[in-house]
Amino acid sequence: MEVTRPGAGGPADALTRLRRRLASRLVPGRRRTGLLLVAPSLLVALAFFVIPLGIMIWMSLENWPLLGPHQFAGLANYRHAFNDPIFLHSLEFTSIYAAIVTPMVFLCSYSLAMLVRRARRGVGVLRTIYFLPVVLGMATAGYMFVLEFDPQLGVYSKILNGLGVTHNPVGWLTSPTSALISISVMVTWKTAGFGMLVLMGAMQAIPADVYEAAQVDGAGWLSKELRITLPLIRRAIALVLIFTLVGAFLGFDQFFVLTQGGPDGATTTAIFSIYQTGFDSFELGYAAALSVIMLVILLFMTNVQLWLLRDTTEL
C-alpha cells in the first residue's frame, strides 16, 4: 500500500503529470516540424499569390502606363471603372453568361453522375468518355468548335440542313444570342465531366442502407433523390457550383477563340475587357483596378454560395 502526501494524487496522477511535462517539452519541436512541412506551400502561396496580389492593388492606385513613369492616382481608377460603359456592359454580359452556363453545367453533371454512379458492366468506359473533354484545354476545345460552328463546314449546319430544319448555312457565331448559346453549349460539353466526377464520388459515399430504408417506407426514385441524395451531397454541389460560377466569370479563352468579343463587342466578357484595357490600350493601372473589382465580386459570390449551400445535415 502506497502512502501519498495530503493533497497529492496517487500514482496515476503522478504519471499524468509526467506525461504533460513531456508533452509540453515536445510541443515546440512539433511546431517547428509542422512549420518546416508547410513552409514550401507557404512560400509558393507567398510568391505566386500574396506578393502579386499586393503588387496588383498597388498598381490599381497608380496611373501606370506600359512605358514611362507612373503616378499616384488614388481611387481615380475605381471611380472611372464604375462610370465606364464598356466595362459595365462586359460585366452585365458576363453575369448573363454565368446565369446561363452554370445551371446547364450543373444539370448535365448531375445527370451524368446519376448514369454512372452504380458499378455495372461498361460503366468505366462511359465514365472515361464523359470525362475526356475535361483534359482538353479551353483554347483547344474552342478551336475544335470553330470548325463545328462553321456555316459551310460545320457538322451542326449540315445536320440541320439534312433534317430540313434549315435550307441555308447557319451562322452560329454571327449574332449575340446564337453566339452566347453556342459557347454555353461548348463550355457545358467541356466542363460537365469534372462536375460528374465530384458528384458521383459524393453519391457513392452515401450508405446503401439509407436508400433501402427509404424504399421500405415506400419512397420512389424522385423522393429519394430530393430527400436523400441532394441534402447529403450538398458540399459536393457547392463545390461544383462555385467552380462553375467562378469559371464563368473568368471566361476568356472560349470568347477570344470563337468570337474575339464580337459581333460589335456584344460577347466581350469582363476578363476580355481587362485584357483589352491592359494589352491593347496599355492602361495597366486601370486594368489592375478592374482586376481588383472582379476579385471582390468573386469573393462575395463564393461566400454567398457557401452560406446558401452550407451543410447542416449529418449522416
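Where a number appears in this text, it was derived from the coordinates with a stated rule and is not lab data. Please read these numbers as outputs of a predicted model, since none were measured by experiment. Heads up, the Cβs are rebuilt from the backbone with ideal geometry, glycines too, and the neighbour counts pull from every protein chain shown.
Which value in nm describes the separation of the simple spin-label points at Thr177 and Ala47, placed 7 Å from the Cα toward the beta carbon?
Rounded to a tenth, the inter-label distance reads 5.1 nm.
Dipole of the chain (Lys/Arg Cβ +1, Asp/Glu Cβ -1, origin at the Cα centre): which of Thr188, Ala47, Phe72 lies farthest to the positive side?
Checked the options; the winner is Ala47.
What would the Debye equation give as log₁₀ I(q)/I(0) for segment 256-300 at q = 0.20, 0.21, 0.31 Å⁻¹, counting only Cα atoms as equal point scatterers?
Log10 of I(q)/I(0), two decimals: -0.67, -0.72, -1.01.
Shape call for segment 125-281 from the C-alpha gyration tensor, a ≥ b ≥ c root eigenvalues: rounded (a/c under 1.5), prolate (a/b greater than b/c) or oblate?
Prolate.
Any chance you could tell me what percent of the C-alpha pair distances in segment 17-174 go past 22 Å?
Working: 9424 of 12403 pairs.
Pairs farther apart than 22 Å: 76 percent.
For the residues Leu295, Leu37, what sequence is obtained by ranking on other C-beta atoms within 10 Å, fewest first? Each step should come with its number before you reach the end.
Working: Leu295 13, Leu37 9.
Taking fewest neighbouring Cβ atoms as first place, the list is Leu37, Leu295.
Restricting the calculation to Cα positions, tell me the Rg (one decimal) and the Dmax (whole number) of segment 137-230 in Å.
20.7, 57
For segment 76-308, with the dipole built from +1 on Lys and Arg beta-carbon atoms and -1 on Asp and Glu ones, taken about the Cα centre, which of Val125, Phe82, Ile242 lies farthest toward the positive end?
The listed residue farthest towards the positive side: Val125.
Would you kindly state how much longer the chain becomes between Thr166 and Ala219 on full extension, computed as 0.36 nm times their sequence separation minus their alpha carbon distance, in nm to one decimal?
On the way: separation 53, 0.36 × 53 = 19.08 nm, distance 4.58 nm.
Residue separation times 0.36 nm, minus the Cα-Cα distance, leaves 14.5 nm.
To check my understanding: the extent here is largest minus smallest coordinate of the Cα atoms along each principal axis. What are those three numbers for the chain, in Å, largest first?
Computed over the Cα atoms, the extents are 104, 70, 30 Å.
About the Cα centre of segment 76-308, what is the dipole size in debye to 20, counting +1 per Lys and Arg Cβ and -1 per Asp and Glu Cβ, all else neutral? Intermediate values should be presented prior to the final figure.
Numbers: 12 positive and 12 negative charges, 182 e Å.
Dipole of segment 76-308, to the nearest 20 debye: 880 debye.
Which helices, counted as full DSSP H runs in the chain, have an axial Cα extent of no less than 24 Å and a Kyte-Doolittle average of -0.5 or above?
Details: long enough: 11-45 (50 Å, 0.22); 85-116 (46 Å, 1.50); 176-204 (40 Å, 1.14); 284-308 (36 Å, 1.96).
Helices passing the filter in the chain: 11-45, 85-116, 176-204, 284-308.
Tell me, how many Å apart are the Cα centres for segment 187-210 and for segment 106-156?
Comparing the Cα centres of segment 187-210 and segment 106-156, I get a distance of 15 Å.
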